[in-house]
Ligand SMILES: [Zn+2]
Ligand SMILES: [Zn+2]
């Protein structure tokens with residue numbers, strides 16, 4: 001029945017396949033515009049910083065070399081993290097979560113909500129899920145026809161369910177989720193450092209140009225409004241030429257300072273917020289709506305303590321924490337849970353954590369019941 005319903009879906013009148021394909025490609029191209037904007041800004045900032053500041057403005061060779069080396073290290077780390085966030089291999093939800101045809105038929109033909117709930121509950125009884133909907137039933141995506149693993153959500157832009165979905169980010173044209181969250185954090189961190197580095201190294205030149213501008217203006221243009229016309233020197237100021245050569249470059253450096261400042265403010269607040277989320281083991285979605293467990297909603301339901309939460313995203317090896325290679329724990333399907341009952345020895349959170357951390361694919365090993373007791 002379900003497949004026949006899907007097969008019978010027809011396009012609206014006057015909406016041909018060609019138009020639909022064309023629209024789809026336009027939409028796909030449109031979604032890359034924010035990424036293109038970021039790449040353009042970074043390319044321009046390279047010109048402003050490397051060519052205009054380091055090569056044409058800075059006179060000391062030692063200073064030039066130090067600035068260029070530091071700048072390129074930050075740029076490479078930033079671009080690498082950005083690349084990995086955009087092109088992360090986001091794995092689909094495992095097949096065993098998908099409702100088979102027979103189950104789907106049963107679900108669609110069920111007459112009451114309670115009957116549907118029971119069908120889903122029966123199907124999910126062997127799946128390691130601990131979270132529920134607000135009404136206490138199994139979380140189900142009717143667009144992907146699957147039972148949602150814990151922390152997975154449907155992304156309407158990607159048109160699929162995504163593991164540990166944080167949010168869909170237009171600036172990376174991708175979902176930020178289990179598979180690229182570490183890359184996203186590093187992208188924010190390196191982008192912030194990149195902006196702060198440009199700001200701090202441009203600042204002395206920005207101040208110097210400002211002083212030169214003020215002196216030149218004072219010497220030549222104080223009577224600007226009295227005479228009512230622009231003198232040659234006033235026009236020079238508008239062209240950025242106030243007393244020294246290399247006038248056009250000054251605007252690039254001043255502009256680079258302001259753009260870096262603007263981005264540093266927004267990146268700083270976003271990065272700070274995500275550091276808070278990492279420390280509390282929450283996704284952006286979970287920060288807005290606490291995950292629902294059998295015992296009720298709990299915003300700290302996945303928190304294992306700040307350091308363990310950090311390791312869950314960044315891994316065990318400190319030397320890989322700042323490198324955009326995948327080191328997050330687990331498989332994005334099963335997550336360790338904090339201690340729920342102090343009297344229950346088998347549920348000690350440290351033990352649960354250790355057992356989870358050691359296993360490459362805890363989801364496949366059903367010997368442990370520690371994940372589905374809650
Ligand atoms: Zn879905
Ligand atoms: Zn998405």
Exposure proxy order (Cβ contacts within 10 Å, fewest to most) of 26, 155: 26, 155
Residues 298, 166, 126 arranged by fewest to most Cβ contacts within 10 Å: 126, 298, 166
Shape call, region 56-212: gyration tensor on alpha carbons, a/c limit 1.5: prolate
Relative packing of 213-219, 86-92, which averages over residues the other C-beta atoms within 10 Å, highest first: 86-92, 213-219
Inter-site label distance for residue 251 and residue 208 at 7 Å from Cα along Cβ, in nm: 2.1
Distance (nanometres) between label positions extended 7 Å along Cα→Cβ at residue 35 and residue 19: 2.9
Largest-first ellipsoid semi-axes for region 5-125, taking √(5λ) over the Cα gyration tensor eigenvalues, angstrom: 55, 23, 9
Listed peptides 40-48, 55-63, 257-265 by packing density, highest first (mean Cβ within 10 Å): 257-265, 40-48, 55-63
Separation in nanometres of the label points that stand 7 Å from Cα toward Cβ, at residue 47 and residue 300: 5.2
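Quick note: the coordinates plus some simple rules give every number you see, no bench work behind them. The model shown is predicted, which means the values in this text are computed figures rather than measured ones. All Cβ positions, even for glycine, are placed from backbone atoms using ideal geometry, and neighbour counts span all protein chains on display.
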